[in-house]
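A.B. asks: Dropping a structure here in structure tokens format, bear with me for questions.
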Amino acid sequence: APKLSMDYEFTSKGYLKKAGKNLVLELGSLISGQVELTEEEIEERKQDVYYDYARLIQNDITFELPEGYIVKGLQQFNTKVEHPHCAFISTAKQEGNKIIVSTQKIYREQTIPVSHWSDLVEMLEAAYNFSQKKVILAKN
């Protein structure tokens, strides 16, 4: 099967906000924009969902903590929503001065029957909610 893989490294202050002596890191947004479903989209689906192909979208993120800071709230980034047609799984841990996050967004089939729409909604909402989460980098 064809595979597209990209690696990049960057430095940015755009994901950090000051909060007193601490910093707020918009860690979840590093997986880029995720679908935010409206109530109407959730409630009114009547047809199967068709994709061009089954796929796995994986993000592996390593964030280096600034010197003198510790991370708080990392456990909220461990998520598992798994269904026969789709899944969103994320893990987060700290190793030394690095935060390591991995996400997998899985579309197992090209067609998801409308009878499994609620499973897809749960997966998409888990990915969206992940993308909105932040952690605190507390001054040591």
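A.B. asks: Based on the Cβ-Cβ distance from residue 94 to residue 46, what FRET efficiency comes out when R0 is 35 Å, to the nearest 0.05?
C.D. replies: So, using R0 = 35 Å, E works out to roughly 0.20.
A.B. asks: How would you classify the chain from its alpha-carbon gyration tensor, with a ≥ b ≥ c the square roots of the eigenvalues: rounded for a/c under 1.5, else prolate if a/b is greater than b/c, otherwise oblate? Could you put the intermediate results ahead of the total?
C.D. replies: Details: a/c = 2.66, a/b = 1.93, b/c = 1.38.
Prolate shape, in that a/c is at least 1.5 and a/b is the bigger ratio.
A.B. asks: Straight-line reach from residue 105: which lysines have Cα under 28 Å away, leaving out those fewer than 8 places along the same chain?
C.D. replies: Partners within reach: 3, 13, 17, 46, 72, 80, 93, 133, 134.
A.B. asks: Return the FRET efficiency for the residue pair residue 53, residue 129: r is the Cβ-Cβ distance, R0 is 41 Å, and the value is rounded to the nearest 0.05.
C.D. replies: On the way: r = 25 Å, r/R0 = 0.62.
For residue 53 and residue 129, the calculated efficiency is 0.95.
A.B. asks: Relative contact order for the stretch 41-140: what percent, with Cα pairs under 8 Å and sequence separation of 6 or more?
C.D. replies: Numbers: 179 pairs, mean separation 38.8, N = 100.
The normalised contact order for the stretch 41-140 reaches 39 percent.
A.B. asks: Rounded to the nearest 500, what is the 222 nm mean residue ellipticity of the chain from helices alone, with -39500 (n - 2.57) per DSSP H run of 4+ residues and division by all residues?
C.D. replies: -4500 deg cm²/dmol
A.B. asks: Using the Cα centre of the chain as origin and beta-carbon charges of +1 (Lys, Arg) and -1 (Asp, Glu), tell me which of 99, 86, 6 is placed farthest towards the positive end of the dipole.
C.D. replies: It is 99, whose Cα lies furthest towards the positive end.
A.B. asks: Given a 1.4 angstrom probe, what's the average accessible area per residue across the chain, in square angstrom?
C.D. replies: Computed with neighbouring chains in place, this is 65 Å² per residue.
A.B. asks: Using DSSP to define loop residues, name the trypsin sites (Lys or Arg not before Pro) in the stretch 24-79 whose beta-carbon has at most 13 other beta-carbon atoms within 10 Å. Intermediate results must be reported in sequence, preceding the final value.
C.D. replies: Values: sites: 45, 46, 55, 72; in loops: 45, 46.
Qualifying residues, ordered by number: 46.
A.B. asks: What is the calculated FRET efficiency for residue 136 to residue 108, with r their C-beta to C-beta distance and R₀ = 25 Å, to the nearest 0.05?
C.D. replies: 0.10
A.B. asks: Pulled fully out, how much extra length does the chain show between residue 15 and residue 83, if you take 0.36 nm times their separation in residues and subtract their Cα-Cα distance?
C.D. replies: 21.3 nm
A.B. asks: Here's something else I'd like to know. At 7 Å along the Cα-to-beta-carbon direction for both residue 38 and residue 72, put a label point, then send me their distance in nm to one decimal.
C.D. replies: It is 3.9 nm.
A.B. asks: Carbon and sulfur atoms: what percent of the 1.4 Å accessible area of the chain do they account for?
C.D. replies: Here it works out to 48 percent.
A.B. asks: Any idea what angle helix 117-132 forms with the longest principal axis of the chain, computed on alpha-carbon atoms, 0 to 90 degrees, nearest 10?
C.D. replies: 20
The values are calculated or read from the model by the stated rules, or taken from the named source; none is laboratory data. Values in this document were obtained by computation on a predicted structure and should not be read as measured data. Cβ atoms come from the backbone with ideal geometry, glycine included; neighbour counts cover every protein chain shown. Quick note on the areas: whole protein, heavy atoms, side chains included, nothing else; ligands and nucleic acids left out. Shrake-Rupley method; radii C 1.70, N 1.55, O 1.52, S 1.80 Å.
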